[in-house]
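Beneath this line is the structure, given in structure tokens, with notes to follow.
Every number here is computed from the coordinates shown, using simple stated rules; none is lab data. Everything quoted here is computed from the prediction, not taken from an experiment. Ideal geometry is used to build each Cβ from the backbone, glycine not excepted, and the neighbour counts take in all protein chains shown.
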Amino acid sequence: MERLQIGNVTLENNLILAPMAGVTDLPFRIITEKFEPGLVCTEMVSSKALFFGDEKTKKLLKRDEETVPVSMQIFGSDPETMGFAAQYVSKLADIVDINMGCPAPKVVKNGDGSKLLLDLNKAEEIIKSVVKNSTKPVTLKFRKGWNDENIVACELAKIAEKCGVSAITIHGRTREEYYSGKADLDIIKTVKESVKIPVIGNGDIIDEESALRMFEYTGVDGIMIGRGAIGNPWIFEQIKYYLENNKKMSAPTNKEKYEIIKEQRKIATERNVTSLERYKLKPNSMQVRFITNLKNILQKDEKRALLISATGTGKTYASAFAMRELGFKRVLFIVHRASLAVQAKKSYQRVFGNSVSMGLVGAGYYEYDKDYVFATVETLNKDAHLQQYKVDDFDCIILVTTTKHCERK
Ligand SMILES: Cc1cc2nc3c(=O)[nH]c(=O)nc-3n(C[C@H](O)[C@H](O)[C@H](O)COP(=O)(O)O)c2cc1C
């Protein structure tokens, strides 16, 4: 495997775990590092939150016994605040990454993330401020543009290079595309050809073949893997083996996978990291009421009801991927309200694409035959048909408490 030089940091190889909010927390990174990526990235953190000393945000940046270099990602649109965040983060990180790709409405509405693709002057000011204030190499991660009428990837790559950025990551989609369609490898190739600093290609790498294709087609210096690593951290080891030996290593057994999941859970429990709060059920909380409700519906067979009270969509996606990896083919997602079931279905579709068939129960829809089915407790209560025997068809039931991350206005 080729090493990758980012400023004065040498990565052992050029396979990188993408930053993913709600997913790449400390326990997930520690687990992934066992499969030896060259670099791992934290979840994005708000520069404003750091500026105001928010404790929860600071906790997201906790490091512990990590065996590979860690990149910490900051987002924001005020150059001074971003400069402050760069100073703060560069004391903890090996690399400081700037986010100009996040499509989430709650980020974009403040002018942050991918919104900066519409204002390259502002983007340049931010990059300059971060480079000036960081004591560690700075990298920039962005999408190819806001929409098809605004493809700015090459221009932004050149600005970044001029301002002293040490490497860039390009996700081959526009903000408007969110996660739909296919990542555009042509734009990644063009970006690679337009700058001299290392270029990392990102988008739709899910296995050995797609990794090889990204390298061969675009000529990038490194690749970054996001969704393909959720519930599947061994992907790094698999890709490395394939690239080195031109054949595939065998996939971990379900038992091995289960052990890894248990270990991740153990690490999360042992360390007092923010994500722990996500695993805990608070007495009398809505989640507990929900679960009680659900148990009443399911009555006897509680084993099947593998309840994951996900309070962040990232965790929910992670658990959804994990369920599939563990061989649970049919999953029932329970959300609060009918409108949320529709939204949740759409959000999942955006992330999983056509690889999973999705159905909806309620408001006239009865799409039980799909792999992932979305419903509300109310619908289940009302629908005698589902109660009587359809619930038995599902391998697993996941409780979804929010779908905010991928909601669109
Ligand atoms: C649940 C989730 C959370 C994400 N959070 C971040 C983030 O915090 N920062 C960021 O730059 N990108 C984030 N992304 C985008 C990924 O880093 C990556 O660019 C995108 O998923 C495309 O790569 P992939 O096809 O390998 O998943 C997130 C993606 C997902 C699915």
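Would you mind computing, in nm to one decimal, how far apart the modelled labels at Lys122 and Asn246 are, each placed 7 Å from Cα along Cα→Cβ?
Result for the modelled spin labels: 5.1 nm.
Anything over 31 Å Cα to Cα? Flag those among Lys56/Lys382; Lys34/Lys91; Lys141/Lys329, in the order listed.
As for pairs spanning more than 31 Å Cα to Cα, those are Lys56/Lys382; Lys141/Lys329.
Could you grab the relative contact order for segment 118-230? Cα pairs under 8 Å, six or more apart, rounded to a whole percent.
Relative contact order of segment 118-230: 22 percent.
Taking neighbour counts of Cβ atoms within 10 Å as a proxy for exposure, in what order, fewest first, do Thr190, Thr218 appear?
The order, fewest Cβ neighbours first, is Thr190, Thr218.
Tell me whether segment 96-183 comes out rounded, prolate or oblate; compute the Cα gyration tensor, take square roots of the eigenvalues as a ≥ b ≥ c, and use a/c under 1.5 as the rounded threshold.
prolate
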